[in-house]
Amino acid sequence: METTGSNLDATKSGVVLLLAMGLLLAAEGVAGASVDVEASEWDEIPDYSGSSTYVNGASELVVTFSSWNGGSVPLEDRVASVAADEYVPNSAFHGDLLAAEARGLKFRITSAGDVLKYARIVLVGATSQRSWLYNIQVPPGQTVTNVIPLDYALWIYNSSTKPAYTAWLQDIHDVSSIKVYLQPTTAAAQSFTVGDFYLYGDNGVIGAPAQLTPGQRGALLERYGVQQFENVVADKGVDTDLDGMNDYQEIIVGTGWKDANQTFESAIDSSGAGLSITWPCNGESVYNLSRAEDIKGTFVNVQVGGQVDLIPTDQEVAQGAMTRSDPLATGPGPYYYRVVRKGNR
């Protein structure tokens with residue numbers, strides 16, 4: 001299973017908070033993705049060489065490295081290590097992540113610097129003090145979204161021998177900190193910005209569909225050299241176009257795994273009567289739109305023209321996006337939406 005998600009805040013009449021779920025689904029009966037908890041502050045773990053870190057707003061972190069002129073500190077010790085909600089009581093970013101229903105991390109990072117020697121998320125077990133590492137993508141001069149499932153197979157360990165799965169399970173039930181760790185390769189002044197740092201919940205499950213469309217079959221063959229999802233055994237986590245969704249996920253939901261402008265995320269327009277939700281579509285898929293008034297509540301299908309199975313028009317297929325309105329969303333809210341790629345046409 002893979003998980004991912006995205007969020008968008010919108011306001012209606014200045015008071016209603018709306019959360020549009022980026023909903024990445026493949027098969028009927030699979031739930032949509034949701035982003036549950038955002039880091040509220042960042043706490044610096046001092047580095048060795050005097051580079052500075054500071055918080056810009058509640059959810060954005062800017063890590064700045066001043067130029068390095070040598071001296072007694074080696075270049076390889078020029079690092080920044082910053083923890084999410086390290087000193088926030090009862091934060092979901094430490095303690096039992098599974099009890100908090102966390103299934104992964106998602107965040108964006110912008111580079112105004114050179115290629116980094118190391119760019120990692122570090123998860124530390126409280127009792128064991130084991131450090132689990134996940135290498136993140138930070139291409140110079142770009143903004144990318146990293147989606148990191150809490151999947152033992154995808155994390156590496158800080159030594160040559162990776163502990164057994166039982167050790168991983170112990171540590172994600174007992175986390176002391178989740179850190180962003182950055183280490184430059186050069187002595188130049190540079191900076192990196194981290195924002196929208198979320199733990200997402202277990203709603204965001206992507207399951208491979210039982211029946212493949214011609215487009216999915218062709219994309220699988222081009223990308224992996226196979227014609228069935230179950231035959232993909234390597235490189236599932238590779239994100240060729242650096243848009244935050246790995247290639248495997250993009251083939252499932254029908255977006256372009258080589259096109260960074262295609263990612264399965266939703267948007268809300270609250271300017272008219274009710275609300276309009278827009279999401280990417282293709283001519284091979286059927287979608288459902290559902291709504292809840294509590295993020296952990298029950299999602300109920302929104303009927304559009306008396307239908308819950310929503311099929312894009314030819315014009316929408318040509319545009320690559322479809323929009324449907326929820327005329328019943330006129331109260332004080334809040335409203336939470338989920339879009340599901342239910343299956344094939």
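The values are calculated or read from the model by the stated rules, or taken from the named source; none is laboratory data. Small disclaimer: the values here were computed from a predicted structure and weren't measured. Cβ sites come from the backbone with ideal geometry, for glycine too, and all protein chains shown count toward neighbours.
Listed by first and then second residue, the pairs with beta-carbon distance under 8 Å, at least 6 apart or on different chains, first residue in the range 64-84 and among the acidic types (Asp, Glu), second at pLDDT below 80 and not in a strand (DSSP E or B), are ASP77/ASP47; ASP77/TYR48; ASP77/SER49. Among the residues of the range 241-259, not a single one is outside any loop (DSSP other than H, G, I, E, B), farther than 24 Å from GLN227 by Cα, not assigned by TED's automatic domain parsing to the domain that holds LEU150 and not aliphatic (A, V, I, L, M).
Here ASP247, ASP269, ASP243, ASP294 are screened, and the one residue that is in contact with a Pro (Cβ under 9 Å, 6 or more places away or on another chain) and not small (Gly, Ala, Ser) is ASP294.
For (1) at pLDDT below 85; (2) assigned to a loop (DSSP other than H, G, I, E, B), each residue gets a yes or a no:
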{"residue": "ASP294", "(1), (2)": "yes, yes"}
{"residue": "THR298", "(1), (2)": "yes, yes"}
{"residue": "VAL317", "(1), (2)": "no, no"}
{"residue": "ARG324", "(1), (2)": "no, no"}
{"residue": "THR330", "(1), (2)": "yes, yes"}
{"residue": "ARG338", "(1), (2)": "yes, no"}
{"residue": "GLY343", "(1), (2)": "yes, no"}
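Listed by first and then second residue, the pairs with beta-carbon distance under 6 Å, at least 6 apart or on different chains, first residue in the range 121-150 and free of Cβ contacts under 8 Å to residues at least 24 places away in the same chain, second among the charged types (D, E, K, R) and outside any strand (DSSP E or B), form an empty list. The set of residues from the range 259-301 being within 18 Å of the chain's Cα centre (by Cα) and within 27 Å of GLN137 (Cβ to Cβ) comprises ASP259, ALA260, ASN261, GLN262, THR263, PHE264, GLU265, SER266, ALA267, TRP279, PRO280. Take the conditions (1) in contact with a Phe, Trp or Tyr (Cβ under 8 Å, 6 or more places away or on another chain); (2) part of a strand (DSSP E or B); (3) at pLDDT below 85; ALA187 misses just one of them, which is (2). Is it true that SER34 is of a type outside the set (Asp, Glu), modelled with pLDDT under 65 and surrounded by 16 or more Cβ atoms within 10 Å (Cβ to Cβ)? Yes, satisfied.
Considering the conditions (1) closer than 24 Å to PRO214 by Cβ; (2) out of contact with any helix residue (DSSP H, G or I) (no Cβ under 9 Å at 6 or more places or on another chain); (3) touching a residue at least 40 places away in the same chain (Cβ under 8 Å); (4) outside any strand (DSSP E or B), GLU265 is excluded by exactly one of them, (1). Of the strands (runs of 3 or more DSSP E) lying entirely inside the range 47-142, the ones with 1 or more residues being out of contact with any Cys (no Cβ under 7 Å at 6 or more places or on another chain) and modelled with pLDDT of 75 or more are found at 61-65, 80-84, 102-112, 116-125, 131-135.
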